[in-house]
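The block underneath contains the structure these notes are about, expressed in structure tokens.
The values are calculated or read from the model by the stated rules, or taken from the named source; none is laboratory data. Since the structure is predicted, the reported quantities are computational estimates derived from the model, not experimental observations. Reconstructed Cβ throughout: ideal geometry from the backbone, glycine too, with neighbour counts over all protein chains shown. Ligands, DNA and RNA are stripped out before the accessible areas are found, and what is left, the full protein with its side chains, is counted by its heavy atoms. Shrake-Rupley method; radii C 1.70, N 1.55, O 1.52, S 1.80 Å.
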Amino acid sequence: LSSQIDGGVVYKVTWDPNDPNLSLGIRWENIPVEEFWCSWSGTNYWNLTDAWIKRTIDSDTAREYGVEISGQSGEYREHWDKKKRHITVDGKPAKNPNNGNLMSENHEWGFVNFIYIPHLRAKSFWGLSLVPDGIGLAEELNSRLADEGDAIRLGVHRLLFGTDINAGFPVAQTLPNGQVWINGGKTIGNQKSPNLEPLDPPQIPASVGGFNSTLLELLRISQFTPSIAYGEEEGSQRSGQTLYSRMWPTLAHVGFERGWWTMGKNLKAEMTLRLLAKYGKGSITEKHLGLRKRQVWSPKVPVDRAALVLEVINRSSAKLISPKHALELLGDKPNIEDEIALNEQW
């Protein structure tokens, strides 16, 4: 969700064996994009050469890092490269809150332990946000809806126009039952009778509603979410394939995003394995490094259960699928190996 607005997300993988809550000593952190900066190797955006974090912290937090600051807040900074890290608070060396050791040290990991996953990337390192494309349309839609609301308000609360009204009138008075009525005065001599009438309200062109609907649809398209993504079928009977095709802007966009996320999560997993292998944790060794990673994504659109079961049966009957993969597709068994064994026993 953050990547849609900020244009990307930042993950940090680090070694923290002093944290009692981390059984393997590996910490994953989500770093706010506005606190992050980095440099990279040429056009290889996944190979960072340096990374910086800068944020404002209060005096109590600074004290946890072993630094006393003069004001109410201070500047926390981290700088990482492939061999060392340097961490300060207001320019003073920061200490580990768990053991009091200096946090600036050599690590010799051979990589910068940050991953920047762009929302969508074009022409530069930083990802593209969905927000800019929608700002103008959103402001225009808000303005036109406000105009429509103003016209409705003026139509309900119509202005009054009076003629031949005596001085001191009209006067709002109250009947015994609490109802308010307007006393316009009375005729005096040969004067004309006082008259008070509502003015005609402004006429709303029939095209206004259609224009606002068009603006809304353009806004949805700019965000890659056409009306069908909100369940609007426009009152007609359409085939499932037609509805699926109308979802294409969303599905294509999600496909692009998953491409970047798959690469980023694979790199995050590889960094984790490299740290585990280096420090001998989790039975991970050098032989586990560089292996293919697989991300399992949820379906982009809901899959009909009956259709899925029929597909699995047909593929199984034609010997086009293994029992293990069939159970994976059905997805209702937590332990597939045990289920296969139980099935063979039965």
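Does at least one position in region 37-60 carry a residue that is under 31 Å from the mean Cα position of the chain (by Cα), of a type in the set (A, V, I, L, M), surrounded by 13 or more Cβ atoms within 10 Å (Cβ to Cβ) and more than 29 Å from G110 (Cα to Cα)? Among the residues of region 37-60, at least one is under 31 Å from the mean Cα position of the chain (by Cα), of a type in the set (A, V, I, L, M), surrounded by 13 or more Cβ atoms within 10 Å (Cβ to Cβ) and more than 29 Å from G110 (Cα to Cα), which makes the answer yes. Picking from residues in region 21-36 that are without any contact (Cβ under 8 Å) to a residue 60 or more places away in the chain and more than 15 Å from I115 (Cα to Cα), the one that is surrounded by the fewest Cβ atoms within 10 Å (Cβ to Cβ) is N21.
Looking only at residues in region 120-131 that are in a loop (DSSP other than H, G, I, E, B) and either more than 14 Å from T43 (Cβ to Cβ) or of a type outside the set (G, A, S) (or both), which one is least open to solvent (accessible area, probe 1.4 Å)?
Applying the first criterion (in a loop (DSSP other than H, G, I, E, B)) to region 120-131 yields 120, 122-126, 128-130.
Those left that are additionally either more than 14 Å from T43 (Cβ to Cβ) or of a type outside the set (G, A, S) (or both): 120, 123, 125-126, 128-130.
Numbers: L120: 34, K123: 213, F125: 4, W126: 64, L128: 81, S129: 32, L130: 20 Å².
Top of the filtered list is F125.
Annotation: of all residues in region 302-346 being basic (K, R) and either in contact with a Lys or Arg (Cβ under 9 Å, 6 or more places away or on another chain) or farther than 29 Å from M247 by Cβ (or both), the one that is surrounded by the fewest Cβ atoms within 10 Å (Cβ to Cβ) is K319.
For region 256-275, does any single residue satisfy the condition of being touching a helix residue (DSSP H, G or I) at 6+ places or on another chain (Cβ under 7 Å), under 30 Å from G127 (Cβ atoms), open to solvent by less than 70 Å² (accessible area, probe 1.4 Å) and without any contact (Cβ under 8 Å) to a residue 24 or more places away in the chain? Within region 256-275 (the criterion being touching a helix residue (DSSP H, G or I) at 6+ places or on another chain (Cβ under 7 Å), under 30 Å from G127 (Cβ atoms), open to solvent by less than 70 Å² (accessible area, probe 1.4 Å) and without any contact (Cβ under 8 Å) to a residue 24 or more places away in the chain), the answer is yes, since at least one residue qualifies. Scanning region 108-119 for residues being touching a Ser or Thr at 6+ places or on another chain (Cβ under 9 Å) and assigned to a loop (DSSP other than H, G, I, E, B) gives a total of 3. Applying the criterion of at least 3 residues that are touching a Lys or Arg at 6+ places or on another chain (Cβ under 7 Å) and among the β-branched types (V, I, T) to the strands (runs of 3 or more DSSP E) found wholly in region 43-107 leaves an empty list.
Taken over region 259-292, residues that are over 25 Å from the mean Cα position of the chain (by Cα) and either outside any helix (DSSP H, G or I) or over 16 Å from F111 (Cα atoms) (or both) amount to 12.
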